[in-house]
1. Provide Rg and Dmax in Å for the stretch B:169-299, with only Cα atoms included in the calculation.
2. Per Stokes-Einstein, at 20 °C and 1.002 mPa s, what whole-number D in µm² s⁻¹ belongs to the protein assembly as shown, with the Kirkwood radius over Cα pairs as the hydrodynamic radius?
3. Assign one of three labels to the stretch A:31-87, namely rounded, prolate or oblate, based on the Cα gyration tensor with a ≥ b ≥ c the square roots of its eigenvalues; rounded applies when a/c is under 1.5, prolate when it is not and a/b is larger than b/c, and oblate otherwise.
4. Is the stretch B:236-405 rounded, prolate or oblate when judged by the Cα gyration tensor, a ≥ b ≥ c being the square roots of its eigenvalues, rounded requiring a/c under 1.5 and prolate requiring a/b larger than b/c?
5. Would you look at the GNM of chain B, springs on alpha carbons closer than 10 Å, and say which of B:Leu208, B:Leu308, B:Leu199 moves the most?
6. Just to be sure I understand the interface: list residues from the stretch B:332-365 that lose 50 Å² or more of accessible area between the chain on its own and the complete protein assembly, 1.4 Å probe.
7. Near B:Lys404, which aspartates and glutamates are there with a Cα under 16 Å away, not counting those fewer than 8 places off in the same chain?
8. Please report the Cα spread of the stretch A:46-202 along all three principal axes, rounded to whole Å, starting with the longest.
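The values are calculated or read from the model by the stated rules, or taken from the named source; none is laboratory data. Small disclaimer: the values here were computed from a predicted structure and weren't measured. Note that we place each Cβ from the backbone using ideal geometry, even for glycine, and neighbour counts take in every protein chain shown. Keep in mind that these areas ignore ligands, DNA and RNA; they rest on the heavy atoms of the full protein, side chains included. Shrake-Rupley method; radii C 1.70, N 1.55, O 1.52, S 1.80 Å.
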Amino acid sequence: MVRRILFVLLAVPGALIAQIPPGVQAERADYAQWLQTSPSSPYAAVFFGALSGELVFGPGAQAALRRAPAATLSQGARGLGLVTESGPRPVPRNREVTLGDWRLRVSPVPSGDMVTVYAPMTEEVDHPGWFPYRADLVVVGELKRPSRADERAILGLDGVEIRASLAGTFTARVLSEDVSLTAYRIPVPGSEEEEVTVFYRDGTSGAETYPPGRFAVLLPLGGGRYRLDLNRSRNPFCAYNPRFPCPLPWPGNTLQVRVEAGELYKTAND
Amino acid sequence: MTRASFRVLATLCLGAVAGCGGDAQTTPLDGLAGSWRAQVDVAGGPLRFQVELSEGPPSGVLCNGGTCEPFSAVQLLPGDSVLLEIGDYAAAIRASVTPDSLVGFYRNVGNRGPRTIPFRASRGSWPAEPPPAELTGRWDAILTPDGTPSPRVLELRATERGLEGTIIANSGDSGLFWGGVRDGRFDMSHFDGSFVYMLTGALDGDTLRGTFHAGLTSQRPFVAVRSTGAPHLKAPTEIVSADTTSTFTWDFPDLDGNFVTNEDERFRDKVVIVEIFGTWCPTCHDSAPTLGEIYDRFRDRGLEIVGLAYEVTGDPEVDGPLVRRFADKFGIEYPLLLAGVNDDDSARDTQPQLQGPIAFPTMIFIDTSGRVRRVQAGFYGPALGEVHEELERELIDFADQLLKEAGR
């Protein structure tokens, strides 16, 4: 089932609504197009679970995978492989793999492998909704480094557990509130990149925005200063599709103010 | 992770982002031909590179200093915009066109959705900003000196284009970086459509201090001191080790689906070099000509080479044509086999006789008894100049030595 997100523009009395910068506009357009059309859009996921033993696709498989082309995914002597009617083939981790017009991705996690399976989308997906752009919700603050290194497993945007290192505490003034947000460095698989990320809740969580919170990335400005553009706050994938696990709110990362910026959470049933 | 490491991006059409040119018109570039000073704007500042566009069939190249790679497609789109596709990495630059500027975005797609970074270009070429002599040379660097330290070697040199060099890790180099020095600070970049890397910094007495930038937001500080010649990185022969007590084996399909094994007549009683490579790995493109040179020199004396390709999808219908194109590009006459996917676990699972992280490329030298005699992890490409030439000579000499031992 594909959940629909309505495109909603809310009027925010007294807010500093500004023209949306081209970069943010382009980013939103790309993201919307990806959500709507990509074969591995979160909306297309029909299965997300641990690979224990083997995962069977096609007739005889569990209901979610029964319409897929016949295949078996398992860890064999020669590594992770997919056996299809045309023979065996190796399967890379962290990469999209085709199975007919289906897709799957195996993500390594500390406890083993997680598998996400995507079926062709049959329902139209509406645009994600965004609050109007708010220039006063782009804040600059300092990232205080932690007194000692801390690395832990956290759930990323895509619900996959990943080892992230504590980046520190980001302090800034958001509207009328002095805030302190715990930030982690989340690595981007397959590259030297990492994103200093906060997952936060605010006064809109559970109402206009997704209840467990939203992700936002800090942009370094040098000298320990970072910019947090709350207009770029995004929902975890569980907001689009209940098959993805949701990250728990990060302790302490709850703002009292209403962050009327970034991605909304509205479904057709609301 | 260096460019010899894994890339996540599939070599698939970037339909959702770039449009793959499906609705594009192949129209002339109408005055866009020429040199463009290009940059993507990452958090640490402008990351500079050069774009050269040509008339005729629209085409162009993306240059990092003296190294240029062609765009997979250059198309003028309706609405006065241009699309520069970097097909190998499912990436594209789309920009609005005015007579003297291109303004738009670079885009590619990762596991968590698209990445969008502002791009702009103006007419002309970036000026050469030569570095002072005290900046050039070899530096031993530690990335994130007060975090989890990670050793690198910085190789910096002055060229007619300004400052060029590369970053070397245990598993290979990161390709050619280009840049210059202004007001006592240097910046140098490597942009290939997948990797968005920049190194910035300045001399502080005898120490080089700066930041390694990756992508839009990643920044890791580094400190470097001038190399004394003492080893700072693991030697390429120490990264991967092999079981030398038994015959090194392989059994994988070639591009026609026929299995090729170490027991085939072709390899019997031969000195053999097995190369673990991938068409997605730029360093493997650097090593291919060296292997070709070795093959040309020694095949008549009884040397064979086999390439084990670890590709992006694991699907022969997708990976096969990429490997065939790689063979055609370098005129490779030895067999290339589809061994697996470029996933660290997969490579290890299919090579149980190797221990340690598998670097791309890795060359395994095997004597006529079938035993491993040397494992060369990573490769120093032409961006390293004399270091590359020295390694090339070393590998040629080692192959020659194995042949001489066998009386060839």
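1. Spelled out, the Cα radius of gyration and Dmax of the stretch B:169-299 are 20.9, 63 Å.
2. Answer, rounded: 80 µm²/s.
3. prolate
4. Here the stretch B:236-405 falls in the rounded category.
5. Comparing B:Leu208, B:Leu308, B:Leu199 in the GNM, the peak value goes to B:Leu208.
6. Residues losing area: B:Asp343, B:Asp349.
7. B:Asp269, B:Asp300, B:Glu304, B:Asp367, B:Glu394
8. Extents along the principal axes: 61, 40, 24 Å.
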